[in-house]
Amino acid sequence: MAEATPARTPLDRLPVWAELGKHRAELGDTHLRDLFAADAKRGETYALTVGDLYVDYSKHLVTDRTLALLRELAVATDVAGLRDAMFRGEKINVTEHRAVLHTALRAPADAVVEVDGENVVPKVHAVLRKMSDFAEQVRNGSWTGHTGRRIRNVVNIGIGGSDLGPAMAVEVLRPYTDRGLTVRFVSNVDGADLHEAVRDLDAAETLFIVASKTFTTIETVTNATSARSWVLRQLGAGQEAVAKHFVALSTNAEKVAEFGIDTANMFEFWDWVGGRYSMDSAIGLSIMIAIGPEAFEELLAGFRLVDEHFRTAPAEQNVPLLLGLLGVWYGSFFDAQSHAVLPYSHYLSKFTAYLQQLDMESNGKSVQRDGKPVDWQTGPVVWGTPGTNGQHAYYQLLHQGTKVIPADFIGFAEPVAELESELAAQHDLLMANFFAQTQALAFGKTPEEVRAEGVPEELVAPKTFKGNHPTTTILARALTPSVLGQLIALYEHKVFTQGAVWNIDSFDQWGVELGKVLAKKIEPVLVEGKGGESLDSSTATLADRYRDIRGR
Ligand code: F6P
C-alpha cells in the first residue's frame with residue numbers, strides 16, 4: 001500500500017459525517033427562496049473565480065454551516081494530503097501501483113516532478129516538441145503521403161480516453177482549427193464507423209493516427225488493421241506506404257512495431273498517464289494538428305492554471321474542492337443518483353460525453369482503497385447535452401420530476417468571433433435561456449403565483465413548479481483553448497476530490513475488464529459455433545438466434 005493511503009476511519013464513522021447528517025435533518029425542506037430572502041447578497045457572495053471561470057454556487061442547498069462542515073470533511077479525509085501526494089508523483093493509484101501525473105503533462109519546462117527518482121518533465125517536453133514539429137509539417141504540407149500529395153484528412157483511431165478527449169476538443173475548438181483539414185474520429189468496432197469516416201476520403205491525402213495507451217485494445221487494433229488494408233488497397237501499394245500514412249500514440253513501442261508502424265513515427269507517453277486523463281499527452285496529437293501548436297500550448301496553460309489553483313488555493317476559495325464536496329453532499333444526504341452537465345454552447349456538444357468517462361470510470365467504484373466495501377454513495381451517473389435542446393426534451397423531469405438532480409450550467413458571454421452578425425445576435429437569446437433555467441429550477445412557481453395568473457384550480461397543481469433544484473453556473477467570457485483547459489482541469493480535480501473523500505481508487509478501471517474477457521469467449525461461438533455449451537441459457541439462445549439469422 002502506498003504511503004499516501006494509511007488505514008483510515010470509514011467515512012460514515014467520522015464525527016463530521018454524523019454532524020452533516022444532523023445538519024441535513026435540520027435543513028429539512030428549507031427552500032432556496034428562503035435562503036435568498038435571508039441574505040440579499042447571497043448571489044454575490046456565494047461565487048468564486050478561478051482563471052476565466054466565474055462560478056456561482058448560490059443556487060445550492062447549502063448554508064455557511066454546510067460549507068464549513070464540508071470543508072471539515074475534506075480535512076478529516078485528508079483530501080489535501082492525497083492531492084499533494086498526486087502532484088509529487090507518489091503511486092496513489094494503489095491497485096495498479098502507478099503514479100497519477102496528468103498534471104506533469106502541463107507542467108512548465110523548468111518544473112521537477114519525479115517518478116521513481118527520475119524527473120519526467122524533460123520527457124514530457126521532448127514529446128511535445130516532437131508533436132509540434134510533426135503537426136507543423138502536416139499543417140504546412142511538408143509531410144506528404146506515399147504518393148507525394150499533401151495530407152488533407154486526419155483520422156484518429158482510438159477508443160475511451162484515446163478518443164473522447166481529442167474528439168471533444170477538436171469539436172469545441174472548431175473555430176480555432178485549420179478549416180482546410182478534415183479531422184475525424186473512429187472508435188466503434190462496428191465497421192460502420194470506419195466506413196463512414198473514410199468513404200469520401202482520398203487515401204493518398206489521409207493520415208491515420210492510431211491512439212492506444214496499451215496498443216492491445218481490440219477495437220482500436222481491429223479498426224487500425226482495416227484502415228491499413230484500406231490505404232494499401234486504395235493506393236495499390238505495399239507495406240512501404242504505411243510509414244507515410246500511419247503514426248502511433250502509445251506507451252507500448254513493442255506492439256506498435258509489431259503492428260508495422262515505424263517507432264520513429266510513434267509519439268510516446270507513460271504509464272503514469274491514465275487513459276481518461278491523457279488528452280494533453282501525445283494522445284492530443286490530432287488536437288494539435290487541428291488547432292496548431294500555439295493554441296495547444298494555450299490549452300495546456302488553461303489546465304496548468306487550474307492545477308495551480310487546486311494545489312494552492314485555500315479551501316474557502318478552492319473551486320474544484322467545493323464542487324467535489326457539493327457532489328458528496330447531494331449523493332449521500334439528498335440521495336441524488338445523477339448529475340447533469342448542461343453546456344449552453346453548440347461547440348460543447350461532446351463535453352458531457354467526455355466527462356462521463358472522466359467521472360464514471362474514475363469514481364464508479366464500490367470498494368475502498370484497501371479493498372473493503374464502501375458503505376456510502378460513490379460516483380453519480382453523469383449525463384447531459386447542450387442546454388437549449390435539452391429544454392425541449394428532458395428538462396421537464398428536471399423541473400417537475402421526483403428526482404434530485406444537481407446540474408452544472410456552462411455558458412459564455414460572447415459568441416464565437418467567426419459568427420456573422422445575424423447569428424451572433426442570437427447569442428442573447430441563448431444566454432437568456434441559460435439564466436432563465438437556473439432561476440426557474442431554483443425558485444420555481446408557487447401555487448399562489450399560479451392562481452394569481454387566473455389559472456383554473458384543476459390546473460394549479462400541474463402548473464406549479466416546486467423549485468429548489470440545485471445548480472452551479474459556470475460563466476466565462478469566451479470559449480477559448482485556455483478556457484477549455486480550465487474547464488477540464490476543474491472537473492478532473494472535482495472528480496479527484498470526491499474519490500479522496502470516498503476513499504476509492506479513482507485511477508483504475510477494473511470494471512471494464514470482465515466484458516472484454518467474455519467478448520473474446522463469445523466471438524468463436526458466433527463465428528464457428530464453438531463453445532456455446534459453456535454459456536448461460538440466455539446468452540446461448542441469443543447466440544443461436546444470431547447464428548440462425550446469419551445463416552450459420
Ligand atoms: O477499457 C477501458 C480503457 O482501458 C480506458 O480506460 C481507456 O481509455 C480505453 O480503454 C482505451 O485504452 P487504450 O488507450 O489502451 O487503447
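The values are calculated or read from the model by the stated rules, or taken from the named source; none is laboratory data. Here the structure is a predicted model, which means the values were calculated and not measured. Here the Cβ positions follow ideal geometry from the backbone for every residue, glycine too, while neighbour counts run over all protein chains shown.
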Qualifying positions in segment 356-391 - within 14 Å of the ligand (Cβ to nearest atom) and of a type outside the set (S, T, N, Q): LEU358, ASP359, MET360, GLU361, GLY364, LYS365
Are any of the residues in segment 368-386 over 30 Å from ARG98 (Cβ atoms) and not hydroxyl-bearing (Ser, Thr, Tyr)? yes
Tally the residues that are part of a loop (DSSP other than H, G, I, E, B) and away from the ligand (no atom under 16 Å from the Cβ), restricting the search to segment 140-174. 11
When you scan segment 214-224, do you find a residue that is among the aromatic types (Phe, Trp, Tyr) and touching a Lys or Arg at 6+ places or on another chain (Cβ under 8 Å), even just one? yes
So which of THR103, THR177 is away from the ligand (no atom under 16 Å from the Cβ), hydroxyl-bearing (Ser, Thr, Tyr), within 24 Å of ALA224 (Cβ to Cβ) and at pLDDT 95 or above? THR177
For GLY28, which of the numbered conditions (1) in contact with a Ser or Thr (Cβ under 8 Å, 6 or more places away or on another chain); (2) closer than 30 Å to ASP335 by Cα; (3) not β-branched (Val, Ile, Thr) fails to hold? (1)
Suppose we filter ASP280, ASP193 for residues that are within 16 Å of the ligand (Cβ to nearest atom), charged (D, E, K, R) and farther than 13 Å from GLY158 by Cα; which single one remains? ASP280
Residue in segment 524-531 that is more than 16 Å from the ligand (Cβ to nearest atom), outside any loop (DSSP other than H, G, I, E, B) and in contact with a Leu (Cβ under 9 Å, 6 or more places away or on another chain) present: yes
Qualifying residue in segment 489-496 (condition: over 30 Å from VAL79 (Cα atoms) and out of contact with any Pro (no Cβ under 6 Å at 6 or more places or on another chain)): no
Output the residue which, of all residues in segment 147-160 that are small (Gly, Ala, Ser) and under 20 Å from THR225 (Cα atoms), is farthest from the chain's Cα centre (by Cα). GLY158
Segment 365-479: strands (runs of 3 or more DSSP E) wholly inside it with 1 or more residues that are among the small types (Gly, Ala, Ser) and at pLDDT 95 or above are 407-412, 471-476
Quick one: what pairs do we get from segment 529-542, first residue closer than 17 Å to VAL517 by Cα, second β-branched (Val, Ile, Thr), C-beta under 6 Å, 6+ apart or different chains? GLY531/VAL525; GLY532/VAL525
Considering residues of segment 232-242 that are free of Cβ contacts under 8 Å to residues at least 40 places away in the same chain and in a helix (DSSP H, G or I) only, the residue nearest to VAL210 (Cα to Cα): VAL242
Within segment 257-280, of all residues that are more than 22 Å from LEU101 (Cβ to Cβ) and not acidic (Asp, Glu), the one surrounded by the fewest Cβ atoms within 10 Å (Cβ to Cβ) is ALA264
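Residue-wise test of (1) of a type in the set (S, T, N, Q); (2) loosely packed, with under 11 Cβ neighbours inside 10 Å; (3) in contact (Cβ under 8 Å) with a residue 24 or more places away in the chain; (4) at negative phi.
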{"site": "ASP375", "(1), (2), (3), (4)": "no, no, yes, yes"}
{"site": "GLY379", "(1), (2), (3), (4)": "no, no, yes, yes"}
{"site": "THR385", "(1), (2), (3), (4)": "yes, no, yes, yes"}
{"site": "THR388", "(1), (2), (3), (4)": "yes, no, yes, yes"}
{"site": "TYR395", "(1), (2), (3), (4)": "no, no, yes, yes"}
{"site": "GLU448", "(1), (2), (3), (4)": "no, yes, no, yes"}
{"site": "VAL460", "(1), (2), (3), (4)": "no, no, no, yes"}
{"site": "ALA476", "(1), (2), (3), (4)": "no, no, yes, yes"}
Please list, ordered by first then second residue, the pairs with beta carbon atoms under 7 Å, 6 or more apart or interchain, first in segment 270-288 and in contact (Cβ under 8 Å) with a residue 12 or more places away in the chain and farther than 9 Å from GLY165 by Cβ, second of a type in the set (Val, Ile, Thr) and outside any loop (DSSP other than H, G, I, E, B). TRP272/VAL115; ALA282/VAL127; LEU285/ILE209; SER286/VAL154; SER286/VAL170; SER286/VAL183; SER286/ILE209
Look through LEU514, LEU487, LEU518 and report the one residue that is buried (at least 17 other Cβ atoms within 10 Å of the Cβ) and either at pLDDT 95 or above or of a type outside the set (Lys, Arg) (or both). LEU487
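Per-residue answers, yes or no, for (1) closer than 15 Å to TRP376 by Cα; (2) touching a His at 6+ places or on another chain (Cβ under 9 Å):
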| residue | (1), (2) |
| --- | --- |
| GLU308 | no, no |
| THR312 | no, no |
| VAL319 | no, yes |
| VAL328 | yes, no |
| SER332 | yes, no |
| HIS339 | no, no |
| TYR347 | no, no |
Restricting to segment 236-269, count the residues that are within 16 Å of the ligand (Cβ to nearest atom) and either over 19 Å from GLY161 (Cα atoms) or not charged (D, E, K, R) (or both). 16
Show the residue pairs that are 6+ apart or on different chains and have beta-carbon atoms under 8 Å apart, the first residue being within segment 200-211 and over 19 Å from GLY260 (Cα atoms) and more than 15 Å from the ligand (Cβ to nearest atom), the second being at pLDDT 95 or above and small (Gly, Ala, Ser). GLU205/GLY145
